[in-house]
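Beneath this line is the structure, given in structure tokens, with notes to follow.
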Amino acid sequence: MLFIPSSIVQNASLRTDIPNYLPKLTPVGLAAVIPVALVVSPDLGPKNLKEFIALAKSKPGALSFASPGSGSSSHILGEVLARETGTKLIHVPYKGEAQSVPDVFGGRLSSAFGAVGSLEKYEANGKKLVLLAVTGAQRLRSVPNIPTFEEQGVPNMTLLGWMGTFVANSTPKETVNKLAEALQLAVATPEVQSVCTRVGFECRATSPEEFSAHLDKELKAWPELVKGLDISFQ
């Protein structure tokens, strides 16, 4: 059984330069979802998304956002945020949060998108990053005081990263069902729930059928989401 991140669906639906392995795999079940947050330095000023958008509108092209790379889900979210709010945000690709977060604190970057679990833990000179919003349709148990983008009036920001389980297509259906049942039992344990909450994940086990439907929905959603955006996926 393989644990695979949501990028497999994003790549399958948006990129033609890398192999698509989904047709060779059978979904077993979703294990956890990974919400993404937009963060800023406390020195930038905005304390919520409304204030960030107002600042961006008052200074077109002056605010930037970091992502783990061009064409990444965080890059897409930043461009969608700009489109949906009528703002101009400058994308700055980084190799990862370890490189981008110090630049947010240092004022060289205005903001960054990244996994909630890691971003909320960063601290510099006694200050923490300000979480403005999280993706998803509902608030997180780990940061229940942080509203979603949708709550704050920004649509099309509900797609989540996730970790799912797959097996080869040759795997018997009976085996797939047994693995799915074992996964659901494991995800429901307090130990796994605690780990998920600590790292900013939301444990969310599904049946093979539910996971398959989720994959089909996302394969259609990603191309629709990026329509009109000037993003290269090569």
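Remarks
- One residue stands out in region 211-234 among those that are modelled with pLDDT under 90 and aromatic (Phe, Trp, Tyr): the one that is surrounded by the most Cβ atoms within 10 Å (Cβ to Cβ), namely Trp222.
- Looking only at region 97-143, and only at residues there that are outside any loop (DSSP other than H, G, I, E, B) and of a type in the set (Asp, Glu), the one that is surrounded by the fewest Cβ atoms within 10 Å (Cβ to Cβ): Glu123
- Matching option when the condition is in contact (Cβ under 8 Å) with a residue 60 or more places away in the chain, more than 17 Å from the chain's Cα centre (by Cα) and under 22 Å from Ala115 (Cα atoms), among Val187, Val226: Val187
- Members of region 48-68 found to be over 16 Å from the mean Cα position of the chain (by Cα) and either surrounded by fewer than 21 Cβ atoms within 10 Å (Cβ to Cβ) or of a type in the set (D, E, K, R) (or both), listed by number: Asn48, Lys50, Glu51, Ala54, Leu55, Lys57, Ser58, Lys59, Pro60, Gly61, Ala62, Ser64
- Subset tally (residues that are closer than 26 Å to Ser13 by Cβ, small (Gly, Ala, Ser) and part of a loop (DSSP other than H, G, I, E, B)) for region 76-96: 1
For (1) under 20 Å from Gln10 (Cα atoms); (2) assigned by TED's automatic domain parsing to the domain that holds Ser72; (3) in a loop (DSSP other than H, G, I, E, B), each residue gets a yes or a no:
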{"site": "Thr175", "(1), (2), (3)": "no, no, no"}
{"site": "Lys178", "(1), (2), (3)": "no, no, no"}
{"site": "Glu181", "(1), (2), (3)": "no, no, no"}
{"site": "Ala186", "(1), (2), (3)": "no, no, no"}
{"site": "Gln193", "(1), (2), (3)": "no, no, no"}
{"site": "Cys196", "(1), (2), (3)": "no, no, no"}
{"site": "Phe211", "(1), (2), (3)": "yes, no, no"}
{"site": "Leu215", "(1), (2), (3)": "yes, no, no"}
{"site": "Asp230", "(1), (2), (3)": "yes, no, yes"}
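- For region 24-42, filtering for residues that are part of a helix (DSSP H, G or I) and either free of Cβ contacts under 8 Å to residues at least 60 places away in the same chain or surrounded by 14 or more Cβ atoms within 10 Å (Cβ to Cβ) (or both) leaves 0.
- Residue ID - farthest from the chain's Cα centre (by Cα), chosen from residues in region 159-170 that are surrounded by 15 or more Cβ atoms within 10 Å (Cβ to Cβ) and in a loop (DSSP other than H, G, I, E, B): Leu159
- Condition check for Gly45 on (1) surrounded by fewer than 19 Cβ atoms within 10 Å (Cβ to Cβ); (2) in contact with a helix residue (DSSP H, G or I) (Cβ under 8 Å, 6 or more places away or on another chain); (3) part of a helix (DSSP H, G or I): one failure, at (3).
The values are calculated or read from the model by the stated rules, or taken from the named source; none is laboratory data. Fair warning: this is a prediction, and the values are worked out from it, not measured in the lab. Methodologically, a virtual Cβ is constructed for each residue, glycine included, from the backbone with ideal geometry; neighbour enumeration extends over all protein chains shown.
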